[in-house]
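Peer 1: After the structure tokens below, expect a handful of questions from me.
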Amino acid sequence: MKEIINQPVILKELKNYDISLFMKREDQIHPFISGNKYRKLKYNLFKAQEQNKDTLLTFGGAFSNHISAVAFTGKKFDFKTIGIIRGDELEKDLEEVLKHNHTLQIANEHGMQFKFVSRSDYRLKHTNSFIDGLYKEFGDFYLVPEGGTNKLAIKGCEEILKPKDEKFDVICSAIGTGGTIAGLINSAKEHQKVLGFPALKGDFLRKEIEKHTIQNKNWSLITDYHFEGFGKVNSDLINFINTFKEETNIPLDPIYTGKMMFGIVDLIKKGYFKKGTKILAIHTGGLQGISGMNNRLKQKDLPLIIE
Ligand SMILES: *Cc1c(COP(=O)(O)O)cnc(C)c1O
């Protein structure tokens, strides 16, 4: 894999603050695969190969970065892929849906077979009877959990930080299921503090993360920047993402990295960090989701994200 750079983030509004801010461009791993989804899949694919499985099955919403990542990596490494997708209404006019939904389009082009299920059935996806039904329907497969988080995924995310990153005082990451940040926490050095920015409401995440990170306690969650919930946005956020791209040339996604960077910049302005602090924010990717978000923004008369 090519070397991932840490890019300096120089913003006009931070010019008078003595803080150095960098982004680790994990988004550059691949345009369709969120950087962290690649990390999370890597050891799972090794395991699937070891177990001689030829099919990967996973779950996700219709805009999920995880779904497109599984489809793409599956094709690349010669697995068939099956996506159990939330929302049975999508099935009725799949061709039309595929025209407008970039995520499912990518997945479809990379050979993923879809099974659309109702929202209530989707909630049962962890139950044995639901999974048994899937084995009956599809035969043998390697099951990748929703969002991709399991032990092997966390092991992959422990490879994000490199020796050259030891000079940073603070490591920041957006959070969905907590797998990525667990890997960062496990691999951060003693002098480093890890800050997580949940992209959704709710405080179940702390417990989730604690399950996967035993030794290192040097981390906190910053819960003020979810913008009312997963996938929710407002014009402040969109304007921030557009200005950020204009000034730094770094594109941010509206679900995860945009909210995190909004939060970091706001905290810097509020004096949260000591003078001289060196911050490394992980760009986990998610850029494949921008066009889907823009379709929603058009309907709501909100500003669009510049692509
Ligand atoms: C999935 C995703 C995350 C969240 O990762 P978790 O390991 O689920 O916390 C963050 N950023 C992007 C771009 C993602 O696609």
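Please treat every number below as a calculation from the coordinates, not as lab data. Here the structure is a predicted model, which means the values were calculated and not measured. Reconstructed Cβ throughout: ideal geometry from the backbone, glycine too, with neighbour counts over all protein chains shown.
Peer 1: Pulled fully out, how much extra length does the chain show between L11 and K232, if you take 0.36 nm times their separation in residues and subtract their Cα-Cα distance?
Peer 2: The L11-K232 span can extend by a further 77.1 nm.
Peer 1: Please state the shape class of region 1-105: rounded when a/c is under 1.5, otherwise prolate if a/b exceeds b/c and oblate if not, all from the C-alpha gyration tensor.
Peer 2: Judged from the Cα gyration tensor, region 1-105 comes out oblate (a/c at least 1.5, b/c at or above a/b).
Peer 1: Tell me which trypsin sites (Lys or Arg not before Pro) from region 95-184 have a DSSP coil assignment and no more than 12 other beta carbons within 10 Å of their own.
Peer 2: Of the trypsin sites (Lys or Arg not before Pro), the ones in loops of region 95-184 whose Cβ has at most 12 other Cβ atoms within 10 Å are R123.
Peer 1: State whether region 184-259 is rounded, prolate or oblate according to the following rule on the C-alpha gyration tensor (a ≥ b ≥ c being the square roots of its eigenvalues): a/c under 1.5 gives rounded; otherwise a/b larger than b/c gives prolate, and the remaining case gives oblate.
Peer 2: oblate
Peer 1: Considering only DSSP beta bridges with both partners in the chain, what is the antiparallel share in %, to the nearest 5?
Peer 2: DSSP beta bridges in the chain are roughly 10 percent antiparallel.
Peer 1: Using alpha carbons only, how many angstrom separate the centre of region 266-283 from the centre of region 133-186?
Peer 2: Value for the Cα centre distance between the two parts: 25 Å.
Peer 1: When the helices in the chain are scored as -39500 (n - 2.57) per DSSP H run of 4 or longer and the sum is shared across all residues, what 222 nm value do you end up with, to the nearest 500 deg cm²/dmol?
Peer 2: -11500 deg cm²/dmol
Peer 1: Compute the signed sum of charges (Lys and Arg +1, Asp and Glu -1) over the other residues within less than 12 Å, Cβ to Cβ, of L56.
Peer 2: Every neighbour counted, the sum reads +2.
Peer 1: Have a look at A199, T73, S235 and report the one farthest towards the positive end of the charge dipole of the chain, computed about the Cα centre with Cβ charges (Lys/Arg +1, Asp/Glu -1).
Peer 2: Selected residue: A199.
Peer 1: While we're here: For region 199-284, which trypsin sites (Lys or Arg not before Pro) are both in a DSSP coil and crowded by at most 15 other Cβ atoms within 10 Å?
Peer 2: Qualifying residues, ordered by number: K201, K217, K232, K270, K274, K275.
Peer 1: Along Cα→Cβ, 7 Å out, is where each label goes; now give me the distance between the ones at D132 and L304 in nm to one decimal.
Peer 2: 5.0
Peer 1: Moving on to the next point. Arrange the peptides 286-292, 65-71 so that the one whose residues have, on average, the most other Cβ atoms within 10 Å appears first.
Peer 2: Averaged packing, sorted descending, gives the order 65-71, 286-292.
Peer 1: How big is D, in µm² s⁻¹, for region 67-161 by Stokes-Einstein at 37 °C and 0.692 mPa s if Rh is the Kirkwood radius over C-alpha pairs?
Peer 2: Calculated translational D: 225 µm²/s.
Peer 1: Another question about this same structure. Cα-Cα pairs above 24 Å in the chain: how many percent?
Peer 2: 52
Peer 1: Measure off 7 Å from each Cα along the Cα-to-Cβ vector at K245 and E109, then give the distance between these two points in nanometres to one decimal.
Peer 2: Placing both labels 7 Å along Cα→Cβ, they lie 1.8 nm apart.
Peer 1: Alpha carbon centre of region 216-235 versus region 85-107: separation in Å?
Peer 2: Rounded to whole Å, the Cα centres lie 28 Å apart.
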